[in-house]
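Single-structure report; data block below.
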Amino acid sequence: MYAIGVAAMLLGVCPKTLRRWDRAKKIRCVRTIGGHRRFPREEIERVLEQKQGKRPQQTRMGKKRVAIYARVSSYKQQKRGDLARQINALQHRAEKNASKVIKVYKDVGSGLNTKRKGLWRLLRDAK
């Protein structure tokens, strides 16, 4: 069961859209005791299949193509292997989700720093 924010992210819509779909009976959800909506995984997959006309993990060309972005705050963390572990974990997750990693972007620096070369390359290449 997914909370409304997570379900919205998976479907590529905003939470308000999910509320509207629920009222229109386009998607089934379960209400918690507190009245919050929870969306079953099967329902998310059903909507994705309708929306895309295929299984959610696949594209017409086969595997979904993804890029990985990893960042650590300091060279000390990089030296300890934190960056490499982060990249390996992301690559493993991509494989698990039947995705093909086409490029890995990485940075060493503060998350508050807006001059992260790897992030800007990723955004440029995504266009």
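Observations, loosely collected:
- Surrounding net charge for G109, when Lys and Arg each add one and Asp and Glu each subtract one, Cβ distance under 10 Å: +3
- Take every pair of alpha-carbon atoms less than 8 Å apart whose residues are at least six positions apart; their mean separation over the length of the chain yields a relative contact order of 19 percent.
- Sequence-distant residues sharing a close amide H with R71 (under 5 Å, placed H): D107
- Simple label model, 7 Å out from Cα along Cβ direction - V66 to R31, nm: 3.5 nm
- Listed by chain and number, the lysines whose C-alpha is less than 23 Å from the C-alpha of K103, apart from same-chain residues fewer than 8 away, are K63, K64, K79, K115, K117, K127.
- Residue among V47, A70, G118 farthest towards the positive dipole end of the chain, charges placed on Cβ: G118
- The shape of the chain can be summarised by an equivalent ellipsoid whose semi-axes, obtained from the alpha carbon gyration tensor, come to 34, 19, 14 Å from longest to shortest.
- Taking only the Cα atoms of segment 2-52, the radius of gyration and Dmax are 10.0, 33 Å.
- Charge tally in the Cβ shell below 15 Å around M1, where Lys, Arg are +1 and Asp, Glu are -1, M1 excluded: +2
- Rounded to the nearest 0.05, the FRET efficiency derived from the C-beta distance between Q77 and A98 at R0 = 22 Å is 0.15.
- Distance histogram for segment 59-126 (every C-alpha pair counted, 10 angstrom bins, percent rounded to whole numbers): 21, 45, 28, 6, 0
Read-outs throughout are calculated quantities, based only on the coordinates presented, and are distinct from any laboratory measurement. Computed from a predicted structure; not experimentally measured. Note that we place each Cβ from the backbone using ideal geometry, even for glycine, and neighbour counts take in every protein chain shown.
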